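Below is one structure, written out as structure tokens; comments come after it.
The values are calculated or read from the model by the stated rules, or taken from the named source; none is laboratory data. Quantities reported herein were computed from a predicted structural model and do not represent experimental measurements. Glycine gets a Cβ as well: all are built from the backbone with ideal geometry, and neighbour counts include every protein chain shown. Each accessible area value is taken on the protein alone, full model and side chains, heavy atoms only, with ligands, DNA and RNA left out. Shrake-Rupley method; radii C 1.70, N 1.55, O 1.52, S 1.80 Å.
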Amino acid sequence: MTQSDTMTHTSDTTTRGAEAQTTLQLQDAERLPALLYLWLPLVIAAVLMLTWQMTPAFYKAYVVGEIGILEGTHVLVPLVSAVVALRILLMPETRRDRLVQIWILLGLLGCLYIAGEEASWGQHYAGWLTPENWQAINDQGETNLHNTSSWLDQKPRTLLELGVIVGGILIPLLALKWPSVRRGRFALFLPPAVCFPVAVIGEVAKFWERLAGLGLWDWLLFYNASEVQELYIYLFILFYLIVFRNRVLARRAAGLPARPVGTAH
């Protein structure tokens, strides 16, 4: 083997090693601890089901309700998600990519809106009275927006639920058969596989209640399944943002921009 051949072989080996390391870094970015994305959601579901079945009075008094434990998570989880979104926005890779910047900014504003609305912007905890003119347009007499119009409540919720079904359930299942789904030009924006458990639990909770409402059975998995579903939707958003940030960090470590250069705007 000539010196030139040796140098070429060494260069090829180095290139393959760098590519393998980059692939490993990007794959690691897709992961979260199983305790967080799998066991925690399962334990929460089990605790909620058992508490409702065994002590319904306690469940109604302390778990559900405007200042109950479940409602508190509807405020806390989106606030944590907002912090993660803000950290992504402050990353230099995000500031250099307009599409990523807009996407995460929308996520940040959405999380703040959810947290504020769930707490009626503090009314549930501070206990102030709702002005009479606002009571006239708010069907629950609270200082929030989502009870004034379906365009600020049911329609955004339906859109978010569809996003969870498509991004959190259908895409991961499709990716099992066609892995190339996750290698497209917008792969950065696709929900990771670790969002699958919370997506399934949330949708099963609501779907079970819908079927019960049709008279197919009387036994409920959860009391007020809509509230349970909301918690799992918010966990979905949190896990999505954590992995999104990890993806950008992994691409930084590999010397890559937030997205492939050819798709940046």
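With a simple spin-label model that places each label point 7 Å from the Cα along the Cα-to-Cβ direction, the separation between Val181 and Trp217 comes to 2.8 nm. Considering only alpha-carbon pairs that sit under 8 angstrom and 6 or more positions apart, the relative contact order computed for the chain is 27 percent. Packing, taken as the mean count of other beta carbons within 10 Å per residue, orders the peptides 168-174, 35-41 from highest to lowest as 168-174, 35-41. In the range 90-165, the ratio of gyration radius to Kirkwood radius, Rg to Rh, stands at 1.11 when only Cα atoms are counted. Rounded to the nearest percent, how much of the accessible area of the range 97-157 (1.4 Å probe, protein heavy atoms only) is carbon and sulfur? Solvent-exposed carbon and sulfur of the range 97-157 make up 66 percent of the total.
A simple spin-label model places pseudo-atoms 7 Å from Cα toward Cβ; at Leu109 and Leu162 they are separated by 2.0 nm. Its relative contact order, with pairs defined as Cα atoms under 8 Å and 6+ residues apart, puts the range 50-123 at 30 percent. Extension gain, Ile102-Ala34: 0.36 nm per intervening residue step, less the Cα-Cα distance, totals 21.5 nm. Sequence-distant contacts, meaning Cα pairs under 8 Å at least 6 residues apart, place the relative contact order of the range 162-214 at 43 percent. Normalising the Debye intensity of the chain to I(0), with uniform scatterers on Cα atoms only, and taking log10 at q = 0.13, 0.17 Å⁻¹ returns -0.95, -1.39. Protein heavy-atom accessible surface, 1.4 Å probe, per residue over the range 197-265: 43 Å².
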